[in-house]
């Protein structure tokens with residue numbers, strides 16, 4: 001690896017970590033909105049999303065410059081591809097944070113709709129998955145990454161249960177359909193955070209091992225069981 005390539009890769013790494021830290025903070029703020037919604041805070045989160053969009057574009061442009069100027073191969077090429085993909089996933093999580101904050105404000109207008117404990121639990125677990133996926137990237141740990149992938153099923157199950165309960169409530173109380181739709185949407189948005197965390201973890205496995213595990217559910221489960 002040349003000195004210039006090493007320097008460029010370090011810059012990409014630092015920028016991505018800065019982006020991930022900001023996105024994690026955004027999603028934490030958005031999830032907190034579910035329990036204590038505040039319109040002004042929701043507007044702040046939306047503005048933070050604009051800054052994340054700019055970072056995503058900056059990272060993509062820098063990756064393309066590194067590819068054009070250095071023509072990297074092997075693990076260096078995988079690292080650049082991974083940084084670009086993780087950046088895109090984080091940008092989508094920032095969008096989700098803004099959407100969750102909006103849904104929380106919608107729920108605030110209907111105090112008769114309590115936030116289910118299961119939703120709070122799912123939000124906590126999904127944000128934890130995102131944090132562990134980034135940790136796996138920093139540590140270059142494919143085992144940690146595959147554990148994140150395996151944990152996605154539990155988030156899917158919680159989301160399914162919440163949606164079933166919401167639909168049942170809609171049938172019982174048609175007058176509350178509108179606020180219940182906000183709850184339905186919030187649950188789906190949180191479930192998507194876990195999906196993006198899983199995508200990041202899959203990218204980490206590709207970076208470390210050079211193996212594409214997307215859609216390889218049985219492979220992931222076998223590797224997790226083997227490491228436990």
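Length available on full extension from residue 5 to residue 124: 0.36 nm per residue minus the Cα-Cα distance, which gives 39.0 nm. Between the Cα long axis of helix 142-172 and the first principal axis of the chain there is an angle of about 20°, rounded to the nearest 10.
Residue separation of residue 109 and residue 140 scaled by 0.36 nm, minus their Cα-Cα distance, works out to 6.7 nm of gained length.
The angle separating the long axis of helix 39-70 from the principal Cα axis of greatest extent in the chain is about 20 degrees. Summed over qualifying helices (DSSP H, 4 residues or more, each -39500 (n - 2.57)) and divided by its residue number, the chain shows a 222 nm mean residue ellipticity of -31000 deg cm²/dmol.
Here the convex hull built on the C-alpha positions of the stretch 1-41 has a volume of 47 cubic angstrom per residue.
A Förster radius of 35 Å, combined with the Cβ-Cβ distance separating residue 81 from residue 160, puts the computed FRET efficiency at roughly 0.60. Please determine, in degrees from 0 to 90 and to the nearest 10, the orientation of helix 217-227 with respect to the longest principal axis defined by the Cα atoms of the chain, where the helix direction is its Cα long axis. It works out to around 70 degrees.
Once you reduce the stretch 165-188 and the stretch 66-124 to the center of their Cα atoms, the two points are 24 Å from each other. Residues considered: 112, 191, 60. Largest GNM mean-square fluctuation over the chain, using C-alpha springs under 10 Å, is found at 112.
Label zone of residue 168 (point 7 Å out along Cα→Cβ, amide N under 20 Å): in the stretch 80-119 this covers 112-119. Spin-label pair residue 178-residue 73: with each label point 7 Å from Cα along the Cα-Cβ axis, the two points sit 6.3 nm from one another. Counting 0.36 nm for each residue step from residue 211 to residue 131 and taking away their Cα separation leaves a gain of 26.6 nm. Please work out, to two decimal places, the log10 of the ratio I(q)/I(0) at q = 0.07, 0.10, 0.16 Å⁻¹ from a Debye calculation in which every Cα of the chain carries one identical scatterer. Rounded to two decimals, the profile gives -0.25, -0.50, -1.06.
Rule-based calculations on the coordinates, nothing more; no lab input. The model shown is predicted, which means the values in this text are computed figures rather than measured ones. Glycine also receives a Cβ, built like all others from the backbone with ideal geometry; neighbour counts cover every protein chain displayed.
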